[in-house]
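Engineer: The structure's right below; bear with me while I get my questions together.
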Amino acid sequence: MNGPDAVALYRSAFGPPSASQRGIPTQGLLDAVVYRLRGSDKDAQELSDVLTPGQLTLLEDPEVQPGDEALSRCNGLLPADLSAFVVAPPTPLRENSCPRPPPPPEGVVISEVGGARWTNHSQQRGFVELLGPPLTSLQGLVLTVFEEYRAGTTMALPLTGITDHNGFYLIGNITGADQVFPKGATIPANGAVVLCSDTVTVCRAGTTLTNSTLRDTLVFSDDLRLLIKLSATRGQQVMPVLRSVEDSPVSLSRCSCCEARSPSSWTSSSPTPRLTNICPSPAFSSDLDLCLAPLSGDWQEHPGNCSGLVQGHSEMDVAGYLEERCHCGISALYLQVANFSCVAGWLHVLGNIQALSDHQRALILQTSPTQGDTCTDPATD
């Protein structure tokens, strides 16, 4: 490295670029890095404009490392992305020697996730919204995405910006994003989104993640191996429920701030990137007095006996039971002011149940005893 230079990687069915070609070849260009000596920025401009347009050329600095130095990719896998490189000791045929990331910021959580394939709606987009203290640098965090039943990760994106004045940071293939997904990457139909705090290599491998590495997670898959890998258990996944929104795109939205890795904080709703999430509201609440029949082979060892559910189980379990009947997106968030009891083996739900909208409230009301459920012994029904 002794002047304004570039290293470029090409793939072409017609062989390598010819020295007789005019200008800098771009056909078949896969990747490139452009670097210069101090004071030679003008000489490097032509290379940069063609191979890495819109980016600042990397600067060789012989004072950074004692001894030999190299430009090493440490911060992502986007091709022709000069921000991914740092000056480091040479490590040919070995893993790059990358500096440890800075300490991750505190208080940053996943706020909303949309999957491009979750519905067929024309406005359905893939994105991840983060929420944290305003104007907080996200250096040290890597957005990692897993797809169910697939080894490793499908995306490991080092975060480079800062949250806005309202604390939001938007990532994805969506208008106004602070960072875009790598080419070809998106949120899968089923999988997980993770905020990882380690090197890109560790986060990308996804095999040695620890509780301290996992800053926040959202799992939307029944894949038991994936749940175990992300230190979660069956029942802690949050699935998008299309029926909870009426003719609209759907997202998964955090509605309780800001406990990390808390599946009970999430619900399906309409997407609101960089805006306050749509959450269950008293404006769409219903005073319900329901008697719900247990479903055979469900969460109870002995169908027809709900006493174990009422005694010592969380609202998540009760919400899961109600959702089996309603299929309308009920989660623990909806039941914070409702009371539960067991009457003759039936689940008695009494109190106020909130909803996202009139549409969802109507779906919840359909779970009422109009279908013939009454608080009598199911064995005699």
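Engineer: Those residues that are part of a loop (DSSP other than H, G, I, E, B), modelled with pLDDT of 95 or more and either within 18 Å of Gly76 (Cα to Cα) or charged (D, E, K, R) (or both), I need them from segment 153-176; list them, please.
Structural biologist: Within segment 153-176, just Asp164 meets the criteria.
Engineer: Could you say which residue among Val108, Val180 is without any contact (Cβ under 8 Å) to a residue 40 or more places away in the chain and either within 17 Å of the chain's Cα centre (by Cα) or over 17 Å from Ser231 (Cα atoms) (or both)? First the steps, then the outcome.
Structural biologist: On the way: Val108 fails: without any contact (Cβ under 8 Å) to a residue 40 or more places away in the chain.
After applying the criteria, what remains is Val180.
Engineer: Oh, and also: One residue is enough: does segment 114-129 have a residue meeting the conditions surrounded by 14 or more Cβ atoms within 10 Å (Cβ to Cβ), at pLDDT below 95, assigned to a loop (DSSP other than H, G, I, E, B) and touching a Cys at 6+ places or on another chain (Cβ under 8 Å)?
Structural biologist: no
Engineer: Does at least one position in segment 177-188 carry a residue that is acidic (Asp, Glu) and under 24 Å from Gly329 (Cα atoms)?
Structural biologist: No: segment 177-188 contains no residue that is acidic (Asp, Glu) and under 24 Å from Gly329 (Cα atoms).
Engineer: Additional query: If Cys306 meets every condition in (1) modelled with pLDDT under 75; (2) surrounded by 14 or more Cβ atoms within 10 Å (Cβ to Cβ); (3) more than 29 Å from Ser262 (Cβ to Cβ) apart from one, which number is that one?
Structural biologist: Of everything listed in (1) modelled with pLDDT under 75; (2) surrounded by 14 or more Cβ atoms within 10 Å (Cβ to Cβ); (3) more than 29 Å from Ser262 (Cβ to Cβ), Cys306 misses just condition (3).
Engineer: Name the single residue, out of those in segment 229-256 being touching a helix residue (DSSP H, G or I) at 6+ places or on another chain (Cβ under 8 Å) and modelled with pLDDT under 85, that is nearest to Arg361 (Cα to Cα).
Structural biologist: Within segment 229-256, the match that is nearest to Arg361 (Cα to Cα) is Glu246.
Engineer: Taking Ser231, is it farther than 23 Å from Tyr334 by Cβ and touching a strand residue (DSSP E or B) at 6+ places or on another chain (Cβ under 7 Å)?
Structural biologist: yes
Engineer: Would you be able to tell me the number of residues in segment 247-257 that are in a loop (DSSP other than H, G, I, E, B) and farther than 10 Å from Leu356 by Cβ?
Structural biologist: 6
Engineer: Another question, if that's okay. What is the number of the single condition among (1) buried (at least 18 other Cβ atoms within 10 Å of the Cβ); (2) under 26 Å from Lys229 (Cα atoms) that Thr163 does not meet?
Structural biologist: Here Thr163 meets the rest and fails (2).
Engineer: Please specify each residue of segment 189-208 satisfying the condition of being outside any helix (DSSP H, G or I) and over 16 Å from the mean Cα position of the chain (by Cα).
Structural biologist: Asp198, Thr199, Thr207, Thr208
Engineer: Within segment 338-345, can one find any residue that is under 30 Å from the mean Cα position of the chain (by Cα), closer than 15 Å to Gly320 by Cα and at pLDDT 80 or above?
Structural biologist: The answer is no; no qualifying residue exists.
Engineer: Taking segment 45-61 as the search range and keeping residues that are assigned to a loop (DSSP other than H, G, I, E, B) and charged (D, E, K, R), which one is nearest to Leu30 (Cα to Cα)? Please lay out each step first, then the result.
Structural biologist: Initially, segment 45-61 is screened for residues assigned to a loop (DSSP other than H, G, I, E, B), giving 52-57, 60-61.
Now drop any that are not charged (D, E, K, R), which leaves 60-61.
Details: Glu60: 23, Asp61: 26 Å.
The qualifying residue nearest to Leu30 (Cα to Cα) is Glu60.
Yes or no, residue by residue, for (1) within 24 Å of the chain's Cα centre (by Cα); (2) crowded, with 17+ Cβ neighbours inside 10 Å; (3) at pLDDT below 85:
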position: Val50; (1), (2), (3): no, yes, no
position: Gln65; (1), (2), (3): no, no, yes
position: Asp68; (1), (2), (3): no, no, yes
position: Leu71; (1), (2), (3): no, yes, no
position: Ala80; (1), (2), (3): no, yes, no
position: Pro90; (1), (2), (3): no, no, no
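The values are calculated or read from the model by the stated rules, or taken from the named source; none is laboratory data. Remember, predicted model here, so these are calculated numbers, not experimental data. Virtual Cβ from ideal backbone geometry, glycine too; neighbours counted across all protein chains shown.
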